[in-house]
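The values are calculated or read from the model by the stated rules, or taken from the named source; none is laboratory data. This structure is a prediction, so every number in the text was calculated from the model and none was measured. Here Cβ is always computed from backbone atoms with ideal geometry, including for glycine, and neighbour counts include all displayed protein chains.
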Amino acid sequence: MEIASDKQAIDISLLDVKEICGFADYFVLCSCDSERQIDALAGEIISLLKKENVYPLHREGTPESGWVLVDYNDVIVHILSPQEREYYRLDELWKQANPIIRIQ
């Protein structure tokens, strides 16, 4: 969450999905205004967590698509453009999740 905030991400949410999701415990959702910012944030998250010996299982999507997902098994980070976030409405899709924190 702090990394996303430091990289100027907007509308940052941490959702506890343990009770309603069989493949993760937490989702981090955040929006970035440009492809360059999406790429920079994904790279920074991966780089900083690698320094702590935490490695992603998978990364998918591209900044050009407006959605990059970084899967850390129990935590899945979704970095979206505002347009993609509005289109896919993950916040609404997972509305039964317990919101831990939201930074707008």
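Couple of notes before you dig in:
- The set of residues in the stretch 29-71 being among the hydroxyl-bearing types (Ser, Thr, Tyr) and touching a strand residue (DSSP E or B) at 6+ places or on another chain (Cβ under 9 Å) consists of Ser31, Thr62.
- So Lys50, is it surrounded by fewer than 17 Cβ atoms within 10 Å (Cβ to Cβ) and part of a helix (DSSP H, G or I): yes
- Condition met for Leu48 (over 13 Å from the mean Cα position of the chain (by Cα) and either modelled with pLDDT under 95 or under 17 Å from Ala4 (Cα atoms) (or both)): yes
- Selection from the stretch 4-22 of residues that are assigned to a loop (DSSP other than H, G, I, E, B) and either of a type in the set (D, E, K, R) or touching a residue at least 12 places away in the same chain (Cβ under 8 Å) (or both): Lys7, Gln8, Ala9, Val17, Lys18, Glu19, Ile20, Cys21
- The listed residue being of a type in the set (Lys, Arg), touching a strand residue (DSSP E or B) at 6+ places or on another chain (Cβ under 7 Å) and surrounded by 19 or more Cβ atoms within 10 Å (Cβ to Cβ), out of Arg102, Arg85: Arg85
- Any hit, the stretch 73-92, residues being among the hydrophobic types (A, V, I, L, M, F, W, C), in contact with a Leu (Cβ under 9 Å, 6 or more places away or on another chain), in a helix (DSSP H, G or I) and touching a residue at least 24 places away in the same chain (Cβ under 8 Å): yes
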